[in-house]
Amino acid sequence: MEFANKTIFITGASRGIGKAMALRLAKEGANIVIAAKSVEEDPRLGGTIYSAAEEVEAAGGKALAVQVDIRDEEQIQKAVQLAVDKFGGLDGLINNASAIQLSPTTQTETKRFDLMHSINVRGTFLVAKHCIPHLQKGKNPHIITLSPPINLNPKWLGGHIAYTTTKYSMSLLALGWAAEFKDQIASNALWPKTTIDTAAVRNLLGGEALAKMSRTPEILADAVYYIMRKPVSQCSGNTFIDEEVFAAEGISNLDQYAVVPGGPLYPDLFV
């Protein structure tokens, strides 16, 4: 129970990658703050903060389900305070919540541009802003942000610049916090080498065909576990690809994470 009595605040943890991370850390005894919007189940997406909380507790952790839209600073402040009141502090933050639309400039509606920037950039910043004072008092505190290495290949700039700028901004935030809170709080970005089987992949990007060429969210959950157990002074300021995290642990066989074991895998964006 390596994370016993440690409290991890996870945005977008009601389903998919965020929930997988919550369950992995709960298995190690962590207290999980499930900070997400879903209180009623959308049949296309599945899961609510309450169903995720039940799974966290079944996995061995303690859960606090809080409805939060990270575009609303007051909701963020309330959620952080509820977490501190319930568990006594914070030891980790995972910035998982994100919005995506892969459209070129002239086909990107202003409201979608604003949505991606308000969630991915502004929301990530504000959640960290309000968690950091508590993380500074935590045990081996870590921030992990789900964003990619900054790759200036025109391929990633020309196709969907509105989305790309938000994800690169998230990575800049991760690197900035590593510098600002050096030796106090570890801050790293994490990104998958391949596509991950999530509702976004199935509903927005490539359907069942792409899902079958993906890995499961558990690969990122295990990568988070390996990162967050490292001492603050030894693991900060990185933009990790998940496979690099496993290689550092001496793990090269990742077949267990493939949706179709032995099948082809599709590279994720920015890789």
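Taking trypsin sites (Lys or Arg not before Pro) in DSSP loop conformation with at most 14 other Cβ atoms inside 10 Å as exposed sites, the chain has its longest uninterrupted site-free stretch at 45-136.
Scalar couplings 3J(HN,Hα) for region 181-193, obtained by applying the Karplus form with A = 6.51, B = -1.76, C = 1.60 to θ = phi - 60°, are 10, 3, 6, 10, 9, 7, 9, 9, 9, 9, 8, x, 6 Hz; x denotes Gly and Pro. With only the Cα atoms considered, region 1-105 has a convex hull volume of 104 Å³ per residue.
Summarising the amide proton neighbourhood of residue 62: residues at separation of 5 or more, or on other chains, whose placed amide H is nearer than 5 Å comprise 31, 32. All alpha carbon pair distances within region 83-202 were sorted into 10 Å bins beginning at 0; the resulting P(r) in whole percents reads 13, 40, 31, 14, 2. The charge dipole of region 7-257, taken about its Cα centre with unit charges on the Cβ of Lys, Arg, Asp and Glu (plus for the first two, minus for the last two), comes to roughly 340 debye. Sequentially through region 47-59, phi angles give Karplus couplings (6.51, -1.76, 1.60; θ = phi - 60°) of x, 9, 4, 6, 5, 5, 5, 4, 5, 4, 6, 5, 7 Hz, Gly and Pro residues having no value and appearing as x. Taking amide H as placed 1.01 Å from N in the peptide plane, the amide H of residue 238 sits under 5 Å from that of 189, each at least 5 places away or on another chain.
Evaluating 6.51 cos²θ - 1.76 cosθ + 1.60 at θ = phi - 60° for every residue in region 157-166, the Karplus couplings come out as 8, x, x, 7, 4, 4, 5, 4, 5, 6 Hz, glycine and proline recorded as x. The lysines within cross-link reach of residue 230, meaning a Cα-to-Cα straight distance under 28 Å and a gap of 8 or more places when in the same chain, are 6, 19, 27, 62, 86, 129, 137, 139, 167, 182, 193.
Could you calculate the FRET efficiency of residue 40 with residue 165 from 1/(1 + (r/R0)^6), where r is the beta carbon distance between them and R0 is 22 Å, rounded to 0.05? Efficiency at R0 = 22 Å is approximately 0.10.
For the chain, adding -39500 (n - 2.57) for each run of n ≥ 4 DSSP H residues and dividing by the number of residues yields -11500 deg cm²/dmol at 222 nm. Taking amide H positions as modeled 1.01 Å from N, with prolines and chain starts lacking one, the residues under 5 Å from residue 92 and 5 or more places away or on another chain are 7, 9, 142.
Projected onto their three principal axes, the Cα atoms of region 159-204 cover extents of 40, 23, 15 Å, largest first.
All other residues whose Cβ lies under 10 angstrom from that of residue 193 are scored, Lys and Arg at +1 and Asp and Glu at -1, for a net of -3. Volume per residue of the convex hull around the Cα atoms, evaluated for the chain, comes out as 122 Å³. How high is the FRET efficiency between residue 1 and residue 106 when r is their beta carbon distance and R₀ equals 51 Å, given to the nearest 0.05? For residue 1 and residue 106, the calculated efficiency is 0.45. Shown here for region 62-160: GluC sites (Glu not before Pro) in loop regions (DSSP other than H, G, I, E, B) with at most 13 other Cβ atoms within 10 Å, namely 109.
Quick note: the coordinates plus some simple rules give every number you see, no bench work behind them. Everything numeric in this text was worked out from a predicted model, so none of it was measured. Virtual Cβ from ideal backbone geometry, glycine too; neighbours counted across all protein chains shown.
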